[in-house]
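Read through the structure below, which is laid out as structure tokens, and then see the notes.
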Amino acid sequence: MASLITCPHCGVRPKEEFAVRGDASLIRPASSASDAAWHDYVYVRVNPRGRTLEHWHHVAGCRRFLVVERDTVTHEVYSVVDGAAAAREVRR
Amino acid sequence: MVRDYNNRHALDQKLRGTPKPANADHLEVGHWQAIATVLASVGLEAAVERALSSTPDLSLRYCGPGEWLVVSGVDTPLGLMRRLDMLCGTQAHVVDQSDGRVLMRLSGPSARQILAKGIGVDLHPSAFALGGSTNVLCGHIAVNLSRIGEDVFELIVSRSFAESLFEDLMTMGRPFDLSAAFSD
């Protein structure tokens, strides 16, 4: 696992300060969406090899949710952005 | 049933007895230090920071975006709350943490070496400058670390973790003959 994460608020930090909170590429379906769509959103996850988007919670630091883009094979970290900023970007 | 509550400092048990003379590396524990958290309302972060940093005897410790720990060396806990309420008004949420947090000041020529045993952040002055502050993990405990002098650091920790952090720091400082006492 990527061992150093550059938090946009705190700087370079070891991974021990974070909690990984799962896939960040999912988009919540509308409340009127079908049961199948909700089932997929809540339970079904891919197990990707390569680039992934994940939510990382900086528990011991700024306590913000971050969206980390990293590679599950090479452990390379491509980008780290604040979760709120990423969510605004998606909504646009 | 009537019960008497004793307002005890979290480290009273650890630092009981006559104080020993301070060594070169010394851990000073703040006794009844006034501390408060300030969380700025959305969009008003810059205004709150300006109001707080314009006050000379308040020390601002960065926690996260729009969130600070405010430490005062001159106020009582109640006085600090009154002052912050006047400064921030409705722009921020202010919560008194004087009984909820414990402040420890680590000073001495080996302070950096002692902290490096538990903290995964570069503490060289070029990376962590004088006046800088941030939340970090020390061992397994989240603390707010700030540099208030070349070889002087302050750690602010939740009260319930204070004993554990204190023991960790004393273990980390044993090769350097770290001593400890209350600040007054």
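The values are calculated or read from the model by the stated rules, or taken from the named source; none is laboratory data. Computed from a prediction, not measured in an experiment: that's the story for all the values here. All Cβ positions, even for glycine, are placed from backbone atoms using ideal geometry, and neighbour counts span all protein chains on display. The accessibility values were calculated without ligands, DNA or RNA, using every heavy atom of the protein model including side chains. Shrake-Rupley method; radii C 1.70, N 1.55, O 1.52, S 1.80 Å.
Tabulated results
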item	result
Rounded percent of accessible protein surface that carbon and sulfur make up, the protein assembly as shown, 1.4 Å probe	52
Eligible lysines near A:Lys15 by straight Cα distance, threshold 27 Å, same-chain separation 8 or greater	B:Lys117
Residue-averaged [θ]222 nm for chain B, counting only DSSP H segments that reach four residues, each worth -39500 (n - 2.57)	-6500 deg cm²/dmol
Computed P(r) (all Cα pairs; segment B:1-142; 10 Å bins; percent)	10, 33, 34, 19, 4, 0
Shielded by partner chains, segment A:51-92 residues - at least 30 Å² of accessible area, 1.4 Å probe, vs chain alone	A:Ala60, A:Cys62, A:Arg63
Whole-number accessible area per residue in Å² for chain B, which is evaluated in the context of all protein chains at 1.4 Å	51
Dipole-positive endmost among A:Thr74, A:Cys62, A:Ala33 within chain A (Cβ charges, Cα centre)	A:Cys62
Selected from B:Gly132, B:Gly17, B:Gly108 as most flexible by GNM, with chain B as the system and alpha-carbon contacts under 10 Å	B:Gly17
Net dipole in debye of segment A:4-91 [+1 Lys, Arg Cβ; -1 Asp, Glu Cβ; about Cα centre; nearest 20]	160
Cα centroid separation, segment B:1-50 to segment B:66-117 (Å)	8
Segment B:137-148 - phi-based ³J(HN,Hα) in whole Hz, Karplus 6.51/-1.76/1.60, Gly and Pro as x	9, 10, x, 10, 10, 7, 10, 9, 10, 9, 9, 10
Leading residue at positive end of dipole, the protein assembly as shown (Cβ point charges), from B:Thr76, B:Ser160, B:Ser107	B:Ser160
Derived scalar couplings ³J(HN,Hα) [segment A:33-40; Karplus, 6.51 cos²θ - 1.76 cosθ + 1.60; whole Hz; x for Gly, Pro]	5, 5, 4, 5, 5, 5, 4, 4
Dipole magnitude of the protein assembly as shown about its Cα centre (Cβ charges: Lys, Arg +1; Asp, Glu -1), debye to nearest 20	340
Gyration tensor verdict on segment A:16-77 (Cα atoms; rounded if a/c is under 1.5, prolate if a/b is larger than b/c, oblate otherwise)	oblate
With DNA, RNA and ligands ignored, accessible area of A:His39 (1.4 Å probe; Å², nearest 10)	90
In sequence order, calculated HN-Hα J values of segment A:46-61 (Karplus, 6.51, -1.76, 1.60; Hz; x Gly/Pro)	8, 10, x, 10, x, 5, 9, 9, 9, 7, 10, 9, 7, 4, 8, x
